[in-house]
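To keep things clear, I will list the structure first and then write my remarks on it.
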Amino acid sequence: MTTLYEKAAHRAVEWLLDHTPPEDVAAHYKAPALFCLAGYPREAQRRLDFIESRFGTDDGDFVTEPGIKSHNENFQEFWCYPNGWIALAAHRRGAFVLARRAYRHLLTYEAPAGGCCANRLGIPDALTTAHLGCVALQLGDVTTARDAGRWLSALLGQQTGPEFRVRGLLEDTSLLHVVRPDVPDQAYFMLGYPMAFLAKLHQVTGAPDALAAAKGYAEYAFACGDNLVTSLQAHKVAWGAAVLARTTGERRYAELATAIADNLMATQAADGSWSPDKPPINHFDDTAEVALWLLEISADLAD
């Protein structure tokens, strides 16, 4: 039986198929993974072909223009983030040559201690490290995934207060680097991605410390209360909570995933997209991502 989450996601897929995104890597990179998951392999392959021909570089990177990852300035910092999505989608599609090229480039951002740096400045963070870990699991590189898990566990152990510092003990209080539980619309994805990855790492390896760390990240999410549940930025937390629900059988994680996912559905525009009031790059990016997580959540919460 098709769930309400799946119906909402497929409305978004139809919107994406009916609209042409701007020629910016940030408007394209999530769509192939969504199309694969939603059952549109031809569309996934076409988009991967376009991404490779339009944005691909000789060294396996993907850029909108030379020296410019995207005209969404956040991607100048989180430079390698799209690369992992492209590797994941290519692997799911069976485009293994592209998947390996994209993954090899992503590995050049790995830090010696197992973390992953968002860009060439060399500072690992929670989101990018969890992202590398998930891609590593998808491609069967368990060694890299274990290293990412150890780094994320160590990062969790460095936290000293109610706020979560996503790059460790650096004195950096910018929005993308600190998650504050008492302030709305924080970068909650910094908690959600590690929740999901560490739970999946536990599924693969059986490592109890990975599951303990996933639960630790979840506690920081729970502390954010309604600020978290009603934010579009919480989509990865909903996914992470759903993965934890499937991994542990604990109802509280399923309830958190459902509360956030219900709010995401309630914020879907009449045309099936998300964030229609944002610039076109963000409009396409958010629509693809929320739809994808709704499909993943529906699967992880299935009886």
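The values are calculated or read from the model by the stated rules, or taken from the named source; none is laboratory data. It should be emphasised that the depicted structure is a prediction, and the values quoted were computed from it without experimental measurement. Note: ideal-geometry Cβ built from the backbone for every residue, glycine included; neighbour counts use all protein chains shown.
The conditions are (1) under 28 Å from VAL25 (Cβ atoms); (2) out of contact with any Cys (no Cβ under 6 Å at 6 or more places or on another chain), and TYR109 fails exactly one of them. Which is it?
(2)
Checking the conditions here, which among LEU244, LEU176, LEU256, LEU264 is closer than 25 Å to GLY114 by Cα, buried (at least 16 other Cβ atoms within 10 Å of the Cβ) and at pLDDT 95 or above? Can you show your working first?
Values: LEU176 fails: at pLDDT 95 or above; LEU256 fails: closer than 25 Å to GLY114 by Cα; LEU264 fails: closer than 25 Å to GLY114 by Cα.
Only one candidate qualifies: LEU244.
Could you tell me which of the residues GLN233, GLN203 is touching an Asp or Glu at 6+ places or on another chain (Cβ under 9 Å) and in a helix (DSSP H, G or I)?
Details: GLN203 fails: touching an Asp or Glu at 6+ places or on another chain (Cβ under 9 Å).
That would be GLN233, the only listed residue that is touching an Asp or Glu at 6+ places or on another chain (Cβ under 9 Å) and in a helix (DSSP H, G or I).
Just checking, how many residues over region 29-48 are assigned to a helix (DSSP H, G or I), over 20 Å from ARG100 (Cβ atoms) and not aliphatic (A, V, I, L, M)? Can you show your working first?
Within region 29-48, the first condition is being assigned to a helix (DSSP H, G or I), and the residues that meet it are 31-38, 41-48.
Then keep just the ones that are over 20 Å from ARG100 (Cβ atoms); that gives 31, 34-35, 37-38, 42-43, 46.
If we keep only those that are not aliphatic (A, V, I, L, M) too, we end up with 35, 42-43, 46.
Result for region 29-48: 4.
Kindly indicate the residue of region 3-21 that is touching a helix residue (DSSP H, G or I) at 6+ places or on another chain (Cβ under 8 Å) and of a type in the set (Ser, Thr, Tyr) and also nearest to GLN268 (Cα to Cα) among those meeting that condition.
Going through the qualifying residues, I end up with TYR5.
Look at ALA136 and say whether it is among the small types (Gly, Ala, Ser), assigned to a helix (DSSP H, G or I), closer than 24 Å to TYR29 by Cα and touching a residue at least 60 places away in the same chain (Cβ under 8 Å).
no
If THR2 passes every condition in (1) of a type in the set (S, T, N, Q); (2) under 19 Å from the mean Cα position of the chain (by Cα); (3) not in a helix (DSSP H, G or I) but one, which one does it miss?
Just one mismatch for THR2, condition (2).
Any idea which of ALA44, ALA9 is touching a Ser or Thr at 6+ places or on another chain (Cβ under 9 Å) and at negative phi?
ALA9
What residue, of LEU121, LEU127, LEU170, LEU155, is at pLDDT below 95, hydrophobic (A, V, I, L, M, F, W, C) and within 28 Å of VAL229 (Cα to Cα)?
On the way: LEU121 fails: within 28 Å of VAL229 (Cα to Cα); LEU127 fails: at pLDDT below 95; LEU155 fails: at pLDDT below 95.
None of the others qualify; the one that does is LEU170.
Mind checking whether some residue in region 155-167 is under 12 Å from ALA130 (Cβ atoms), within 20 Å of the chain's Cα centre (by Cα) and assigned to a loop (DSSP other than H, G, I, E, B)?
Yes - at least one qualifying residue is present in region 155-167.
Going through ALA26, ALA102 one at a time, which residue ends up being among the aliphatic types (A, V, I, L, M), in contact with a strand residue (DSSP E or B) (Cβ under 8 Å, 6 or more places away or on another chain) and either in a loop (DSSP other than H, G, I, E, B) or closer than 28 Å to ARG167 by Cα (or both)? Explain how you work it out, then say what you get.
On the way: ALA26 fails: in contact with a strand residue (DSSP E or B) (Cβ under 8 Å, 6 or more places away or on another chain).
Among ALA26, ALA102, only ALA102 is among the aliphatic types (A, V, I, L, M), in contact with a strand residue (DSSP E or B) (Cβ under 8 Å, 6 or more places away or on another chain) and either in a loop (DSSP other than H, G, I, E, B) or closer than 28 Å to ARG167 by Cα (or both).
Could you count how many residues in region 49-88 are under 18 Å from the mean Cα position of the chain (by Cα) and assigned to a helix (DSSP H, G or I)?
Here the count works out to 12.
Any chance region 229-240 includes a residue that's surrounded by 19 or more Cβ atoms within 10 Å (Cβ to Cβ), under 14 Å from ALA302 (Cα atoms), touching a residue at least 24 places away in the same chain (Cβ under 8 Å) and aromatic (Phe, Trp, Tyr)?
Checked against the condition, which is being surrounded by 19 or more Cβ atoms within 10 Å (Cβ to Cβ), under 14 Å from ALA302 (Cα atoms), touching a residue at least 24 places away in the same chain (Cβ under 8 Å) and aromatic (Phe, Trp, Tyr), region 229-240 yields at least one hit.
Which of the residues spanning region 206-232 are in contact with a helix residue (DSSP H, G or I) (Cβ under 8 Å, 6 or more places away or on another chain) and of a type in the set (Asp, Glu)?
Selection gives ASP209 alone.
When you scan region 106-133, how many residues do you find that are in a helix (DSSP H, G or I) and surrounded by fewer than 20 Cβ atoms within 10 Å (Cβ to Cβ)? Spell out the reasoning first.
Filtering region 106-133 down to residues in a helix (DSSP H, G or I) leaves 106-107, 126-133.
Cutting the leftovers down to surrounded by fewer than 20 Cβ atoms within 10 Å (Cβ to Cβ) gives us 107.
Matching residues across region 106-133 total 1.
Output the residues belonging to region 203-228 that are surrounded by 23 or more Cβ atoms within 10 Å (Cβ to Cβ) and either more than 16 Å from the chain's Cα centre (by Cα) or basic (Lys, Arg) (or both). Give the derivation first.
Within region 203-228, the first condition is being surrounded by 23 or more Cβ atoms within 10 Å (Cβ to Cβ), and the residues that meet it are 210, 213-214, 217-218, 221, 224, 228.
ALA210, ALA213, CYS224, LEU228 - these are the residues of region 203-228 that are surrounded by 23 or more Cβ atoms within 10 Å (Cβ to Cβ) and either more than 16 Å from the chain's Cα centre (by Cα) or basic (Lys, Arg) (or both).
Is it the case, given these coordinates, that ASP277 is surrounded by fewer than 21 Cβ atoms within 10 Å (Cβ to Cβ), in contact (Cβ under 8 Å) with a residue 24 or more places away in the chain and among the acidic types (Asp, Glu)?
On the way: surrounded by fewer than 21 Cβ atoms within 10 Å (Cβ to Cβ): yes; in contact (Cβ under 8 Å) with a residue 24 or more places away in the chain: no; among the acidic types (Asp, Glu): yes.
Spelling it out, it is not the case that ASP277 is surrounded by fewer than 21 Cβ atoms within 10 Å (Cβ to Cβ), in contact (Cβ under 8 Å) with a residue 24 or more places away in the chain and among the acidic types (Asp, Glu).
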